[in-house]
Each structure stands twice: as C-alpha cells, then as structure tokens.
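The structure appears below as structure tokens.
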Amino acid sequence: MQSPLRLERRLTQPKWLNWGVPLLSLLGALILGGIVLFATGKNPISVYARIVERGFASTDAFSRTLISATPFAFTGLAASVAFRMGLINIGGEGQLYLGTIGAAFAGIAFQDQPTAVIIATMIIFGMLFGGAWAAIVGILKAKFSTNEIITSLMLNYVAAIFLDYLIFNSSSYWRDPKSYGFPTGKRLTKNAYWNDISIGSIEIPFGFVVAVVAAVIVWFLYNRTRFGYEVGVIASSPNAARYAGIRARWKIITVMALSGALAGLGGASDVGDFRHVLDAKGVQISGYGYTGIVVAALARLNPLSAIFVAVFLGGLSNAGYALQGPDFPSGLVGTLQGLILFTAVAGEILTRYRIKRQNTIADGVIV
Amino acid sequence: MNGIVKRFPGVVANDGVNFEARAGEVHALLGENGAGKSTLSNVLTGLYRPDEGTVSLNDEVVHFDSPRIALERGIGMVHQHFRLVNSFTVAENIILGEQSSSLFMDTASAVERISALATQYGIAVDPSARIWQLSVGEQQRVEILKALYHGAKVLILDEPTAVLTPQEADALFTVLRSMVAEGRTVIFISHKLDEVMAVADRVTVLRAGKTVSTIECATTSTRELARLMVGRDVVFDRVIRANHAKPDNIVLQVSNIDATDDRGRQALKSISLTIGESEIVAIAGVAGNGQRELAEVISGMRPATRGTIAVNNEVVPNSRVRKAMTAGISHVPEDRLHTGLVADHSIEDNLILKSYRGAPISKMSVLRRRIIRAQAKETIEKYDVKTPDTITPIRLLSGGNVQKVLLAREFDSLPSVMVVSSPTRGLDVGAIENVRKRLVDAADSGVGVLLISEDLEEIFALADRILVMYEGSIVGNIPAAEANRESIGLLMGGGSLSAENN
Amino acid sequence: MASGVFYGTPLFFAALGELFTERSGVLNLGVEGMMLMGGVSAVWASQHIPGTSWFVVLCSILIGAFAGALVAALHAFLCVTLRTNQTVAGLSITIFAGALGLSSYFANVWDVASETVKHPIRILNPGGLADTPIVGPILFHQTILTYLSWVLCVLSVVYLFRTRTGLKLRSVGESPQTADAVGINVAKYRYIHTILGGALAGVGGTYYSLTIVPQWVDGVTKGAGWIAIALVIFGFWRPDLTLLGAYLFGALQSLGLTLKSRNIQINGSILDAMPFIMTVLVLVIVSGGWAHKRLRAPASLGVPYEREER
C-alpha cells in the first residue's frame, strides 16, 4: 500500500508556524464543523455568529465566559506543565476532584476565620490534595516505569468514586446532614466565597486572576530557572540529560505533583469561586480535566497562551450553555472542541513534516 | 558483483567495487569501519539499490527491488542487530516470513523441519524456546536457521563474532564449514584478522570504498592482511607541540576497571591506564571493542563493576556524572547532537549544559539570561563558530560548527582530563584541522587528553602514546615514536606482535 | 454471576476490539467515543428500519458496528498515516464523539432520546433451560450478543495464536521493524485492526443503548470505554483472560449497585473502584521485573512506525 504522498521530516521550522498552525487549525475546525452543521440542516454562519455573540460580544457575556474559562485555565496549565516534560498526564480530572475535596474541607473547617485566611487555606489544601493525587502517578512511573497514561486515567475513576462516596454514599464531613431527598454537600459560609474583581463592568473571578498569576509563575519556572532548564533537557534528549548528570526520577514526581497541584487549584476555584459547595455530580459532568488537555494542545504547551485559549474555549462553552435548545444541540460544543483538537494535532504534524509527492523516478523502481 | 557504486550524501560508500564469491567457499570481507563492507552487503541483499554496477547470481544478472526478492533468490543475511521478535518462540520467528497460503500455522511440521536442519548443521537450538530466554549466541543461531529454513544458498554474516564468546565463535565456524561443505556460500564480514584466517578460504580486503585485493587465506598472513587493511605507511606530520607531555605527572589513573555493556555482557576487562599532564594518549581500535563503555565509565555515565578512577590522585566516586565533572573530567562523546548536546536547544542553552547549576549562570536557581547570552556571544567569537546568532537551534549548524560548540563548552570548563571520542568523524577538512588544533592547545595547557579514534592518521598525528583496545582489553601500549601502522593495525585486528601468524 | 456476564458482555466487546488494535501496536483511547457512536447509530437504526424484530436488531447491531468502524478509521488515519501522538488522537476522538460531543449532537438531531427503543435486544431463553439451577441464569438467560461474544472469544484465540495472519499481527505489534523486514505491510495490519477494534466497540455500545437501558441517554456507556481499555491490560492482551476479566468487572459493577441500594455504602464504593485499582496493580506488575518479559504489552504499542530511508 504505497501512498502517492509522503511525509518528509522538516529540518527547520519556519517561525510563522508558531502562530500559523493554531490559527489554521482553528479555521479548519470551523470549516469542518460547518460541514457537519450544514449536513444536519443547520446554518453554520448563524450558529457561529450566535456563539460569538453569546460568548464574547458583551461585557456580560464576557464575564460569564471568564467564569467558564477559569477551570479550563487551571487544567490547561496542569496539562501543559506535565506534557512539557513528556509526561502525558490525563489525570487532571481526578486531580481537580481531589482539589475540590481539599478546598471544601478547608472552607468548612476554617469557616470562623477571616476571608483572606479561608481563601489561603482553600488554595493550599486544594493544591496539596491535587498534587498528592498526581504524585501517586509520578511515583509509580519513577519507581516502576508504569505507563502514566493509564494510571492517571484509572485514578480519575477512583477519584470520581471517592467524590461520590463522600456526598452520596456516606455521612462524611463533607455531606450536609440536613439535606433532604437529594444529598448535597455542606454549603460554604459567605466568608468563604472568593470575591470577583471588577474592571469596568466586567466581573473577573478571583480564580481567574489566580490562574493568570499561576501561568506567569509556571512560565517563569519553565523558561527562566534551573528547574525549567533541566525539564527541557530531559524532555528533549534523555541521553543528553544522562550525559549532564540530570536525575530524571525525582523530576518526574515533582512535575507530576506540580501538575496535580494546578489542577487541584482549579478544583479549589470551582468550590470557592462558583459553586460554594462540594458538588459531586456537577463537577463530574463538566469534564474540566479533559478540556484542559485540549487547551494545552492548542496552546502548544505555552502557559501564557493557555490562558487565552482557555478564554476562547470558555466562550465556546458559555455560548453553548446559553444557547442550548433545539436549534443548538448540546453535543455541538464537544464536537467543535474535538474538531479543534483534531485539526490542531494534524496541524502539529505539518510543523514536523513536509508533504511531498512520492518521488518514483529518482528512486529507481517503485517498490 | 561488478563495479558496484553506491553513493550516499557526502560519501561514496562503494567506489567501483568488484567482488566475487564461489559456491562451497567461505569468503571473508575485511576492512575497517567505513571501508564499505556493510554497504556492499546491503546492496547484495536488496536493501540498497546500487547507483552503478551489477549483481549477478550464477552468471545471471539480477535486480533486487526489495529484500524479499533477494531472499527468494536464496540470499540470506544475519545482521549485527538481529531481526527477531523477542516474545515469540524460535519456531514462530522462523516461520514468520514464510510464504504460504495456508491459514493455520503448522507449528508441528515447522518444528520438525527446524530440528532436522539444526541437527544437520550441528546448530543446537530449542525450537520452542522464546527469544528472550536465549543467549546472544543462541539468538544468532536462530537467525542462521532462519536463513537456512528459507533456502538460502548464500549466507552473509555481518561481524558475527562481535557478540560471541570465543567458544561460541568456534561453534559458529564449525557450522559455517558444514554449510559450505554441501555447496553453499558464506560471506563473512569482519575486521578480525585471526578469525578471517581461521575460517575463510579467500578474503577480499576493502579500504575506503575500494577493493584492495582478493587473496587465498592459505597464502597470506595476518600481518599482510593488516597492511592491506590500513594501507602502506605514509609519512605524517606529527603536530608540533608547545608543551611536551609529562607522563609522570599523572592526571588520570584508571585501575582495573570492569564494566558491562547494555546487553549485560562484559565490555571492559580489567582496564588500566594512566594519562599524564599535557599528554595525548590515543586509544586505537575498531568500534565495538569497549571504547564507548570506557569513555562512559570515566565520565560517570556507566557504572564500573570493579576498579577505580582517580583524577589528580583523588578517587572519583563511581557512576556519578556530576562528581566526575567537578573532579575535572570532561567528555566529548561520539554522538554529538544527541548525547553531548541537546539538538533542539539553542546554542546558548547548550553551552550552559554543565555550568547552569552555579554562579555566574544562575543565581538562586534563576538563570540569568543576559549573562548566558553574553558569554555565549563571547564563546562563538572566540571559537569562530559560524552561526547567525546564539539562539539558533544547534542542530541547524554544520557538523564542524556543532563540534566547535561542544569543544568550546568542554574546554571552557577548564578540565584536567578530556575524554574525546571520534572527534573528527564526519567533518570536512577545515573542521578537522580546527578540532585537532583545539585538542593540541588543550594538551599544551596541561590537560591530559584521552583520544578514542578509529582514524589512524589522526592518532599518529596527535598522540604521544598509543593504546589499542580489542575485545575489552588493552592489547598494546606503544609510544608514538615507536609505532607504525602495520603493528597497530595488527593489534586492532586481534593479532599479536610477537609471532608471525599464518 | 449471571449479571456479571450480563454487564460484562459489552465490556468484552469493546475490550476485544481494543485488544486487536493494541496487538497491532496502536493505542486507541477513543473507545468510549466509538462505543457511543455505535450506540446512538444503533438506536437510530432501531427507530427507522422497518421489518421484523429480528431483522431490525440485526441491522441495528451492524450499523452500530459500522459507525464505530468509521470513527476508528479516522483514528487509524491520524495514528498510522499521520503518525500523530496516539494518546492525543484518541483523547480527541473521545471528546469529539463522546458524551458531550458528536454522539449527543446526533442524538439531538435524530431525535432518538425521546422514547424507549422499539426493538431492544432481548434476553433469550434458548431451549427453555434458563431455570436450571446455578448454570441456568448464567448460560441460558443472556442476549444474543453474549452468545456471539463467546464465539468471538474462541475465534479470537484461534486467530491470534494459531493462524499465520495472527502471527503476523502479533509481530507488527511487537516489532514492526522485523515485520517490515520480512515483507509484512505494517500499515495495512494497523489500519485493519484499528477499524476492527472500532467496529467491536460500536457493538459494545449498542448493547448499552439497546439492551441495558434500553434507551438513548447521552453518555449511556458511563465510562465503559475506559474500563475496556483497562480490561485489555488486565487480561494481558489475551482474549480468554479478557473475557473472564470482563465478567469480573461486570460482576463488580452490578454488585456495587446492589450493595449501594441496600445501603451498605462503603463496600459499594470500594467495589466500584476495584476494577480501576486492580488495573493499576496489574500495570505495576506488568511493568517491572519478573513479569516484564513474560506478560507484557505489545512491545511497540503506542509508537508510530517510520521506515528508514532506502
């Protein structure tokens, strides 16, 4: 089976690819999505127009977009941090759940403290829980070379079950004993709410600001410190890392923990900024962790870009939510996200390979 | 094979090679690394297509469009790196390539046939054993059986004894003899003179892509073969040294080092050597005789199972790269882009690969980009590296410039000892000169240089003393003034200087 | 026990599909998406194809398989031809086709969620033996798909370990270089078995939408696709062990449900978590030391194959 086209490794990467690829991917995804819409009897232009309108076109819409974007920003950062060292951590989902558990605990336990203290403890606990959960994956990989894709995935499920257990299947510290009928978690007190920051008429969730700060810190860590340098060497050339005496094992655990901590921070934000309660079902349905992977891929693992991509996907998600109805089926958002990922991934190939015609004559005989 | 020419970018691997092998003989193909032996055999087995020239089987010109066709015409090859599936049994591996229309595997009859073949040729192998359970020697036997099973009339073996113990090698020779006894042909590629003399009927010597000569083994000696392999003595200019070697001020002492290779076999057998201040000690030898492992042990990348390394009379802890670095050991590996450097990183990032941990490059764990860049700019000027800037990824540089960067980093780390492997391989003339000059400058400034190279010309030009490594041991230690190509070549092939081998 | 078989059957289909895919060296994390696409397509078929119950069921299953196969073809293209990172490709497919994606979209567009399925796959009672003690419910009270799965299991074992093609498949997954060297078309094997994997996953999906529920709900498979991936490892890439593992996991699932409904809370949750924890343990065992040589993943799993230049 010999194809007429051939992929040939590129030697250099033209600079324009860095922003060209994501943009072209986006365009490609929109076109493909448009085809799907058209084929099922909808008008792509109007659908896209409404997405833009509901996602970004007004301060109100934009504020709501930021709300959707915040968890994506955290999980996107989490995924980027791990992927940059070649660790495919798809456990952001479970690590976020653990973060919500930790933060809810802090929020309830310290409810008599001033707001600043509560927020601080929620952040710390969220990061600790999420980081620890991810560290398990890291330790397994460092010590036993187990594949982190599967282990992080499995732990997602265990985390989900744990979350369900705490709210639905036990009378735990987290569960509200007074909830009738449908079990819910304890609501956090008002002083545990993370307040928005207003700029003009745009409401920015506190968590979003934290995410931006985190993105800057991550960027700094990876681009300007010894730690980041070593991670870069390990990811790029394990042989060279060995040559330079860089120890990979500890890094694996540390990077995984960092990744989990960021996802956990997203969980803390989910509890503190938005839900103010440990909402087991709600957070599971949202699938923030998996979207985070999309964010990271689109942002090409750059933490600062991740923020922008998160806002973009947040707008998409927000519009999808707001527009839900017969004309705008719920599956559209996931479909578009998936298409964007495909095109991003295919586009990534173009940065590494060039498409050439199979050179039959020069090779002599076609095999 | 007639007038075979095979070109690769930048090098003519086979330049008008004529080669002919008869039925019922073991014909050896002798030459150093890079002489063109592997390329020639790849042409013969259909892996490469010759740019010019023809191959004929039994006087009939053939064209091999793919390895499959060569296999069908009866040409089989046992490569240095086996093509076996580890988790399969011997039988499964052998029948994998079988052309058959039947749906089901007939393991039983295959096992019978394999056992029959095995007994016929005296190859001891259990058809139901799994490959990972077998020793390397046994795996090789599976490869041979595979070729026989598919009806190979011509069997090519590429450096087969590189992975065998002497006993296994003898067993192999017996098998080969029994194969040719019934009219098959064996082509035996090697660089080991004594083995060639032991097993082959005729030998063709290749050098630098050309056929040198084809001789009957009965009428020649290892000395003569060595001479043919490395060429007549040409007078070299030895470099002029500003500071002469002081072998008595020992900077590096390697004592009784044992080590294993990646496969778990013993790569180094009680290696001991010393290097003095300003001394350039060369290790000559064909690749694969333990040189890489030695370089790795000295630099701390590979653990030694026995023995010690000392720099300036202080013992360096085993297998600790950073400790070796701080002790003053510098390593310029063979694989520049993927081991010594990070191919995708910029020049300036590569330059700090060793120095990033401390001042002035980093302060409180933060890298100081301005200083990194400034130092990088100084370095590329000082060492005349041709590059548009310091942030270009290093893999875009030419080979010579890549090596300049690597050497620059190593020299600037002010080592006491430099272990340099094949530093001029693949470089153009200008770059080669440059590298040699740098090495000499380093030695002149007091550094003890261990030069591991397969290029005899280079060794003779630079070295104060020449060691030869063969099968994990040091088999020769000769001051450069007393050495000549013939004797070194002989030692490289496993011969001994004392007796006249026949 | 019987419910273990009942719940385990779709897991087995998906896992068997993934087993073939992984045996060819391709990692497919999009199983969940393929199952859902199969499920939703089957429901559509069930609502719209006229005919007798048997005929409709048959068509639904085939269409479900076809849908899964189509999605898998996309995955194969990404992984084998474009040589993308197989993990990201698979995850993209799950997001694309998954509970919040295309399958939900189509469900809406085709309006299939509104009513229960007209022609569900029913549980049979062959020969009226369903009441025999002990084995009765296990063996004789199952759906056609379950019986089919038993046949498939046997055929798979024979295929993988007794036929030439099976040997070639395994060589592609273990060492594509070696396979290529003897003239086996690596890409062809990978394409075929990835698509086959998708088809089987699609069938697994139809089980959920046409039997267990039987109605379409977004995300009806509830993570079964991921369990199937774990199951392949748990079964050491062997169909027979995978079948047993599927029933074990299925039993745990149903047991978990039962216990929870009887208010024995914690045990229920632990049971739910068991499949995943066990998979991790299996993975640890498989990765290190003793077992590493004897029981391992296809050596080339997840690594795109690039032939060297001639």
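What follows is calculated from the coordinates using simple rules that are stated; it is not laboratory data. These figures come from a predicted structure and were not determined experimentally. When we count neighbours, we look across all protein chains shown, and the Cβ atoms used for this are built from the backbone with ideal geometry, even at glycine.
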- Task: Set the Förster distance to 25 Å, then compute FRET efficiency between B:K377 and B:E433 from the Cβ-Cβ distance, nearest 0.05.
- Result: 0.55
- What residues qualify as long-range amide H neighbours of B:A267, i.e. H under 5 Å apart, gap of 5 or more or another chain, H built at 1.01 Å from N? B:A259, B:T260, B:D261
- Dividing the alpha-carbon radius of gyration of the stretch B:414-502 by 2.2 N^0.38 Å (N being the number of residues), what value is obtained? 1.17
- Task: Enumerate the calculated ³J(HN,Hα) couplings along the stretch C:100-106 in order (Karplus 6.51 cos²θ - 1.76 cosθ + 1.60, θ = phi - 60°), each rounded to whole Hz, writing x wherever the residue is Gly or Pro.
- Result: 9, x, 4, 5, 5, 4, 5
- Item | Loop-located GluC sites (Glu not before Pro) in the stretch B:174-216 whose Cβ has at most 15 other Cβ within 10 Å (DSSP) | B:E182
- Query: Expressed in whole Å with the largest first, what are the equivalent ellipsoid semi-axes of the stretch B:343-413 derived from the C-alpha gyration tensor as the square root of 5 times each eigenvalue?
  - Reply: 20, 12, 11
- Can you give the relative contact order of chain B as a percent, counting alpha carbon pairs under 8 Å and 6+ residues apart? 16 percent
- Note: probe point = Cα of A:K190 + 7 Å toward Cβ; backbone nitrogen < 18 Å; residues of the stretch A:118-132 passing the test are A:118-119
- Which order do B:S362, A:S58 fall in if you start with the one that has the fewest other Cβ atoms within 10 Å? A:S58, B:S362
- Message: Please list, ordered by chain and number, the residues whose modelled amide H lies under 5 Å from the amide H of C:G25; skip anything fewer than 5 residues away on the same chain.
- Response: none
- Note on the structure: Taking chymotrypsin sites (Phe, Trp or Tyr not before Pro) as exposed when in a DSSP loop with at most 11 other Cβ atoms inside 10 Å, chain A has its longest clean stretch at A:181-367
- Message: Let me check against my output: what whole-number percent is the relative contact order of chain A, with C-alpha pairs under 8 Å and at least 6 apart?
- Response: 37 percent
- Note on the structure: Taking C:D111, B:D262, C:D218, A:D270 and counting other beta carbon atoms within 10 angstrom, the fewest-first order is B:D262, C:D111, C:D218, A:D270
- Theoretical ellipticity at 222 nm over chain B - DSSP helices of four or more residues, -39500 (n - 2.57) apiece, nearest 500: -9500 deg cm²/dmol
- Please name which of B:P360, B:G340, B:G285 has its Cα lying farthest along the dipole of the stretch B:283-418 towards the positive end, using unit charges on Cβ (Lys, Arg +1; Asp, Glu -1) and the Cα centre as origin. B:P360
- Using a cut-off of under 17 Å, list every residue of the stretch C:159-181 whose amide N is near the label point 7 Å from the Cα of B:E98 along the Cα-to-beta-carbon line. C:159-171
- If B:D59, C:D240, B:D384 are placed from fewest to most neighbouring beta carbons inside 10 Å, the sequence is B:D59, B:D384, C:D240
- Query: Given +1 on the Cβ of Lys and Arg, -1 on the Cβ of Asp and Glu, and no further charges, what dipole in debye does chain A carry about its Cα centre, rounded to the nearest 20?
  - Reply: 1140 debye
- Message: Suppose every Lys and Arg Cβ carries +1 and every Asp and Glu Cβ carries -1, with no other charges. What dipole size does chain B come out with about its Cα centre, to the nearest 20 debye?
- Response: 1600 debye
- Using +1 on the beta carbon of Lys and Arg, -1 on that of Asp and Glu, and nothing else charged, what's the dipole of the protein assembly as shown about the Cα centre, debye to 20? 2200 debye
- Task: Please give the calculated 222 nm ellipticity per residue for chain A, where each DSSP H segment of at least 4 residues contributes -39500 (n - 2.57) and the sum is spread over every residue; nearest 500 deg cm²/dmol?
- Result: -23000 deg cm²/dmol
- If the chain between B:E182 and B:T260 were fully stretched, how many nm would it gain, using 0.36 nm times the residue separation less the Cα-Cα distance? 24.2 nm
- Item | Karplus-derived HN-Hα couplings along the stretch A:95-112 (A = 6.51, B = -1.76, C = 1.60, θ = phi - 60°), whole Hz, x at Gly and Pro | 5, 5, 4, 4, x, 5, 4, x, 5, 4, 4, 4, x, 7, 5, 9, 5, 8
- Note on the structure: If one builds a Gaussian network model of chain A from Cα atoms under 10 Å apart, the most fluctuating residue listed among A:L258, A:L313, A:L339 is A:L339
- For all pairs of alpha-carbon atoms in the stretch A:125-171, what percent lies in each bin of width 10 Å, listed from the first bin to the last filled one? 26, 44, 25, 5
- Note on the structure: Semi-axes of the stretch A:24-173 from the Cα gyration tensor (sqrt of 5 times each eigenvalue, largest first, whole Å) come to 35, 24, 15
- Message: Kirkwood hydrodynamic radius, the stretch B:2-230, all distinct C-alpha pairs: what's the number in Å?
- Response: 18.2 Å
- Item | Rg in Å to one decimal, and Dmax rounded to a whole Å, for the stretch B:98-186 via C-alpha atoms | 13.5, 43
- In whole Hz, with x marking every Gly and Pro, tabulate ³J(HN,Hα) for the stretch C:53-65 from phi via Karplus 6.51 cos²θ - 1.76 cosθ + 1.60, θ = phi - 60°. 4, 4, 5, 5, 4, 4, 4, 4, 4, 5, 5, x, 4
- Item | Residues of the stretch B:412-432 with amide N under 14 Å of a point placed 7 Å along Cα→Cβ from B:E314 | B:415-417
- Message: Please give me, ordered by residue number, the trypsin sites (Lys or Arg not before Pro) of the stretch B:107-212 that lie in loop per DSSP and have at most 14 other Cβ atoms within 10 Å.
- Response: none
- Query: Going from the alpha-carbon gyration tensor of chain B, what semi-axes, largest first and in whole Å, does one get by taking the root of 5 times each eigenvalue?
  - Reply: 44, 26, 23
- Task: Search the structure for amide H atoms under 5 Å from the amide H of B:I283, placed 1.01 Å from N in the peptide plane, and list their residues when 5 or more places away or on another chain.
- Result: B:L451, B:I452, B:S453, B:L467
- Query: Under a Cβ-Cβ cut-off of 9 Å, what is the net charge of the residues other than B:K377 that fall near it, where Lys and Arg count +1 and Asp and Glu count -1?
  - Reply: -3
- Note on the structure: Once the mean of 1/r over all distinct C-alpha pairs in the stretch A:71-323 is inverted, the Kirkwood radius in Å reads 18.3 Å
- Label-point separation in nm, B:A116 to A:L304, each point 7 Å along Cα→Cβ: 7.4 nm
- Rounded to the nearest whole Å³, what is the per residue volume of the convex hull around the Cα atoms of the protein assembly as shown? 193 Å³
